[in-house]
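Okay, so here's the structure we're looking at.
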């Protein structure tokens, strides 16, 4: 879904209003925290923390690599 959004001045910053259909689709409500990620293709607004996602990928790699040791430690 593509929607043109006009930026509005708020103090020294700018804000954008997202359409209700987009908010509903991504389960975002007023007051929720979202993340603006600067990419080569533009700005990505996402409810998912990219740093947390990267940390989870690292955790998955470590868990797979040391699976046997972690099982032994869990006993």
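Values quoted throughout were computed directly from the atomic coordinates according to the rules given, and no laboratory measurement underlies them. Predicted model only: the values in this text are computed from it and were never measured.
Brief remarks follow.
- Extension gain (nm, one decimal) between residue 30 and residue 61, 0.36 nm per residue minus Cα-Cα: 7.6 nm
- Rounded to 10°, Cα long-axis angle of helix 50-65 versus longest principal axis of the chain: 20 degrees
- Hydrodynamic radius by Kirkwood, which averages 1/r over all alpha carbon pairs of region 8-74, in angstrom: 15.4 Å
- Over the chain: helical MRE at 222 nm, DSSP H runs n ≥ 4 each giving -39500 (n - 2.57), nearest 500: -11500 deg cm²/dmol
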